[in-house]
């Protein structure tokens, strides 16, 4: 997938060269293999501490200012004390919330139906927005982004402050285009929590509380307890209530690969069907599916981790500092180093933002 | 609600999301991220500058690789960041860190050539600095690789930089655009035309056989 609509002619659409999507071009692949040994690998030097010169350096204030400042401060303190004594009437504060527009039909915002006559409203904290089978709505926050609410959807705004914007999607589908800083836009679902890391995705929750997340651009974190999935553009992850997110995979993976993955993630099977599913996943994994195998490392039993390591290493060689033993023991640092070799961005992005929101959070019930 | 917002919502009300809205959010996101790190680095936060290094070192490496011998590229990458750090206050728009840094890298490569007394030859050897300070080979570069490097270096500047970032540094087109400040369209054209010219320059059959090891 690339930025389409750029006015390219057909022959410029060599997707593998552009973003490594689609079938690998053998010539490009050969060049990559040949040249990757020259890739940058040297760690950062020890940077000196340099405090940048201020644009407006402080100067010694003139003599009159040295007396004027304490005098003004004293006046302000007196005025403040008087104001406390007088106790002014509370001033109404603008309610925090998101703007809502009707896109189709008659979505309901709290007790109010948004019709063509009254096309806009405000989704306040704690309030519910609901669409029926023929209605759609849009919600918008200038500092955060835009969310299209598809038919048969029910969501609630849980928080909207400078640190976090949080929705609970109880059922239905939303399409989010988010430009808030990574980690700020969070959606709780009954089966997992979606954390936007930039910036376009679709999230669906079915009637049983199970979910599906598709990332169109950037990537999204999907987490339940210790089980986490990083979902890059072009990939998706299913999630099941009480189990959390399944292993994410690229949507162009083969049907057999996807079915086998579903067996491993969600089905209670005997050892023989599970072994068959595991074998299918290993055999049919493409280079592109390395990120799926990376996720599987922390989800399979110890005896399955060895063959998984070998297959992943065959697809994307483990970088310096990553050992077999370390990976089999799920060494977080080594797993993160290997992730960074997958060409899907730096995992430190997730690690940084994960700390800020995940503590004490649980999915919506 | 402002009508502009309604228009933006309508743009992705259909089955397909608007590429413009998507691009807008990517650009804002990158801008915000870099801005926060640059501001922190300006306040003396070395770890923030370290994160900028992690984010941009491959871009700088690719730019330098297009201009200077392989053996000196790693040292020059450090030089570029050490040059940039005390000059951060001169960067007017913190969100344009990537294109600003790319310009410093190009200037550093030019200085390298100006200060070299002898004519510089591109070395086939990839070296790294050991803990005792001496240089040692990091990788063997065979004749085939040397020929490919030379062919890429013979391409126009914008093509060779973009190809080095893609083929050597493993960056995708969207990443190259986000880092360098070029539009995705320009990067895509650079990659496509650069690759086309490279195919023409390389001896027939050079890319036919699978690469061993």
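The values are calculated or read from the model by the stated rules, or taken from the named source; none is laboratory data. If you're wondering where the values come from, they're calculated on a predicted model, not measured in any experiment. Using ideal geometry, Cβ is built from the backbone for each residue, glycine included, and neighbour counts are taken over all protein chains shown.
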Going by what's in this entry, would residue A:326 be described as surrounded by 15 or more Cβ atoms within 10 Å (Cβ to Cβ), over 27 Å from residue A:21 (Cβ atoms) and in contact with a helix residue (DSSP H, G or I) (Cβ under 8 Å, 6 or more places away or on another chain)? yes
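Give the residue, chosen from B:162, B:180, B:146, that is under 14 Å from the mean Cα position of the chain (by Cα) and modelled with pLDDT under 95. Even if it seems obvious, please write down each step before you answer.
On the way: B:162 fails: modelled with pLDDT under 95; B:146 fails: under 14 Å from the mean Cα position of the chain (by Cα).
The match here is B:180.
This table checks each residue for (1) at pLDDT below 85; (2) more than 30 Å from residue A:167 (Cβ to Cβ); (3) within 14 Å of another protein chain (Cβ to nearest Cβ).
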{"position": "A:278", "(1), (2), (3)": "no, yes, no"}
{"position": "A:284", "(1), (2), (3)": "no, yes, no"}
{"position": "A:307", "(1), (2), (3)": "no, yes, no"}
{"position": "A:352", "(1), (2), (3)": "yes, no, yes"}
{"position": "A:364", "(1), (2), (3)": "yes, no, no"}
Only residues that are more than 13 Å from every other protein chain (Cβ to nearest Cβ) and surrounded by fewer than 21 Cβ atoms within 10 Å (Cβ to Cβ): list them for region B:156-178, please. B:156, B:157, B:158
Given the residues A:250, A:222, which is the only one that is under 18 Å from the mean Cα position of the chain (by Cα) and either surrounded by fewer than 20 Cβ atoms within 10 Å (Cβ to Cβ) or over 23 Å from residue A:186 (Cα atoms) (or both)? A:250
Taking residue A:76 and the conditions (1) part of a loop (DSSP other than H, G, I, E, B); (2) modelled with pLDDT under 75; (3) away from chain B (no Cβ under 12 Å), which numbered condition does it fall short on, given that it satisfies the others? (1)
Complete set of residues in region A:166-183 that are within 14 Å of another protein chain (Cβ to nearest Cβ), surrounded by fewer than 24 Cβ atoms within 10 Å (Cβ to Cβ), modelled with pLDDT of 85 or more and over 17 Å from residue A:241 (Cα atoms): A:174, A:175
Go through (1) touching a residue at least 60 places away in the same chain (Cβ under 8 Å); (2) more than 19 Å from residue A:153 (Cα to Cα); (3) assigned to a strand (DSSP E or B) one by one and return the number of the condition residue A:186 breaks. (2)
Hey, can you tell me all the residues within region B:77-107 that are within 19 Å of residue A:46 (Cβ to Cβ), surrounded by fewer than 23 Cβ atoms within 10 Å (Cβ to Cβ) and more than 10 Å from chain A (Cβ to nearest Cβ)? B:83
Search region A:323-347 for residues that are touching a residue at least 40 places away in the same chain (Cβ under 8 Å) and pair each with any residue that is surrounded by fewer than 17 Cβ atoms within 10 Å (Cβ to Cβ) and assigned to a loop (DSSP other than H, G, I, E, B) when their beta-carbon atoms are under 8 Å apart and the residues are at least 6 apart or on different chains. A:335/A:298; A:338/A:319
Within region A:1-27, residues at pLDDT 75 or above, at the interface with chain B (Cβ under 7 Å from one of its Cβ atoms) and not in a loop (DSSP other than H, G, I, E, B) come out as A:17, A:18, A:19, A:27
Flagged in region A:140-156 as in a strand (DSSP E or B) and crowded, with 18+ Cβ neighbours inside 10 Å, in numbering order, are A:140, A:141, A:145, A:146, A:147, A:148, A:149, A:155, A:156
Hey, could you check region B:60-76 for residues that are over 13 Å from residue B:160 (Cα atoms) and within 7 Å of chain A (Cβ to nearest Cβ) and say which is farthest from the chain's Cα centre (by Cα)? B:70
If residue A:340 satisfies all but one of (1) surrounded by 13 or more Cβ atoms within 10 Å (Cβ to Cβ); (2) part of a helix (DSSP H, G or I); (3) at pLDDT below 80, what's the number of the condition it fails? (3)
